Amino acid sequence: MQTEEKNLTTPLEASPAQTDGTEIDLPDLDGEDSAAIIEAVLFAAGHPLEYSKIAPLFGSVPSEVKRRVAEIAEEFNRRDKALLLLALDDCAQLCTREEFSPMIREALGIRRGGNLSNSSIETLSIIAYNQPVTRVYIDSVRGVDSSYAVSSLLERGLIECVGRLDQPGRPMLYGTTADFLRCFGLSSLAELPEVEGVEAQIGALANVSIDEVLAETEPAPAGPDAGGEGS
């Protein structure tokens, strides 16, 4: 008795198909429709989406998608519209322009409270411009203990440990995260405001309002760093 031959092709090996089982052609990453497709996917996602998640839509690889998204973002952000397309290191996101934040919070009943304290802004600026840095370096620049500010920024996901210094005690090295770029509306660190000198770096981000990704108000200051909150 002849047995029916089974299809051994796995779902990952199979070509994309419509719901009726017929195969469909993948769109061209550099084609006319790619920009609209990427914009639609990012809008629907509502959060930073990795290039590795977008790549299969075009049968491509993350590095090529990153290149294409950067091209799309350059043109997209020239428009005088409400949205920005952020092309980050390993992901992309559609977000609203900063000037619309008050209206968005009012319409959606969003509680304000994403603002950082002065000490956290100072610490974040020092890390952003000099990374990777140790906490001892931050303390020496600010002239006060920065333990609380560093802990707060770590908790918020704006900085992270990126390694350890090859010195006795192997102190942690801190750098900024993709969330830092997203909160400040930057595509890369190269877009940080140009400043000269350490004192200018400390205040470089002071007048930049972060968005509501920082969901909760920073806890009340405690410990040696508390004195810097009002400075």
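The values are calculated or read from the model by the stated rules, or taken from the named source; none is laboratory data. These numbers were taken from a predicted model, which means no experiment stands behind them. FYI the Cβ positions are ideal-geometry reconstructions off the backbone, even for glycines, and counts take in every protein chain you see.
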Among the residues of region 48-62, is there at least one that is surrounded by 20 or more Cβ atoms within 10 Å (Cβ to Cβ), in a helix (DSSP H, G or I) and within 17 Å of the chain's Cα centre (by Cα)?
yes
Name the residues in region 173-185 that are outside any helix (DSSP H, G or I) and either in contact (Cβ under 8 Å) with a residue 60 or more places away in the chain or in the same structural domain as Pro48 (by TED's automatic domain parsing) (or both), would you?
Gly185
Read through the list (1) under 20 Å from the mean Cα position of the chain (by Cα); (2) modelled with pLDDT of 80 or more, then give the number of the only condition that Ala107 fails.
(1)
Condition first: crowded, with 22+ Cβ neighbours inside 10 Å, in contact with a Lys or Arg (Cβ under 9 Å, 6 or more places away or on another chain) and farther than 14 Å from Thr176 by Cα. Now tell me which residues in region 117-148 satisfy that.
Ser119, Ser146
Per the filter on region 128-172, residues part of a strand (DSSP E or B) and among the basic types (Lys, Arg) are Arg164
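Can you report the number of residues in region 152-185 which are closer than 16 Å to Pro132 by Cα and surrounded by fewer than 22 Cβ atoms within 10 Å (Cβ to Cβ)? Walk me through how you get there before you give the answer.
Keep residues of region 152-185 that are closer than 16 Å to Pro132 by Cα, which gives 153-154, 157-167, 170-178, 180-181.
Now narrow it down to the ones that are surrounded by fewer than 22 Cβ atoms within 10 Å (Cβ to Cβ): 154, 157, 160-167, 170-173, 175, 177-178.
Residues meeting the conditions: 17.
In region 36-67, which residue that is among the small types (Gly, Ala, Ser) and within 26 Å of Lys81 (Cβ to Cβ) is modelled with the lowest pLDDT?
Narrowing region 36-67 to residues among the small types (Gly, Ala, Ser): 36, 40, 44-46, 52, 55, 59-60, 63.
Restricting the remaining residues to those that are within 26 Å of Lys81 (Cβ to Cβ) gives 36, 40, 44-46.
Numbers: Ala36: 94, Ala40: 94, Ala44: 90, Ala45: 87, Gly46: 81.
The extreme case among them is Gly46.
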